[in-house]
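No lab work stands behind these numbers, since they all come straight from the coordinates. Since the structure is predicted, the reported quantities are computational estimates derived from the model, not experimental observations. Please note: Cβ atoms are built from the backbone with ideal geometry, for glycine as well, and neighbour counts cover all protein chains shown.
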Amino acid sequence: MHIETERLRLRVWEEADRDHFATLNADPIVMKDLGGPLSRDDSDAKLDGYLKAWGSNGYGRWLVETISGTFLGYCGIMPVREDHPIGIHDEIGWRLIREAWGHGYATEAARAALIDVFRRVKLIEVLAYTDAQNMRSQAVMRRLGLRRDASRDFAIYSDRLGIWRGLVWTAHENLIASAGALPGLTNGSTNEGAA
């Protein structure tokens, strides 16, 4: 299964993608807001979680690459079912290699991923969260038309970050209607049922 936009392909991960994912997760600048680089074992465990989400739910984090196949990072929606301060929800996230920053790829990929889960999976709401200092992600959320929901802001503790405070934004299924002509998506790009 894959999605194509004007410039990007979002596809399900394959075993051969582990090296690219590990390189992304080892970059100290890319990983700055997540407590620093991940070890290879931690990176592989994270990718295992993405693969498990796809197998269990039919959606998750997509690998993002150019149409020509250059790895850029990931973007997609993950179900959050474990104990979380704001309860059960679905969360969109993205992370791109540094060379891909500033080209609108995160917005383009996130829009496609949201449209996919609202159309194909029939989700009603997806949350996005980031810390107050991550202005790049907040700018993507604004460009996507997500709405800030301060009533859901939360704090959570992790060994890597200590206490992390999340600012919450929401996307709803009506995002599709407000997307108009679905800029950034080509006809038939959701490839429903594609292998």
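General remarks:
- Inverse mean reciprocal Cα-Cα distance (Kirkwood Rh) of the range 96-152, Å: 12.5 Å
- DSSP-assigned coil residues among GluC sites (Glu not before Pro) in the range 72-134, each with at most 12 further Cβ atoms within 10 Å: Glu82
- Normalised per residue, the volume of the convex hull around the Cα set of the range 1-90 (Å³): 120 Å³
- Listed residue (Met135, Trp62, Ile86) projecting farthest to the positive dipole end of the range 59-166, Cβ model: Met135
- Rounded to the nearest 5, the antiparallel percentage of DSSP beta bridges internal to the chain is 95%.
- Relative contact order computed over the range 2-178 (Cα-Cα under 8 Å; 6+ residues apart), in percent: 18 percent
- Its DSSP H runs of at least 4 residues, each contributing -39,500 (n - 2.57), put the calculated 222 nm mean residue ellipticity of the chain at -8000 deg cm²/dmol, to the nearest 500.
- For the chain, built as a Gaussian network whose Cα springs stay under 10 Å, the top-fluctuating residue of Arg81, Arg165, Arg95: Arg81
- Tail weight of P(r) past 11 Å, computed on alpha-carbon pairs of the range 83-126, percent: 71 percent
- Kirkwood Rh, angstrom, the chain [1 / mean 1/r, Cα pairs]: 17.0 Å
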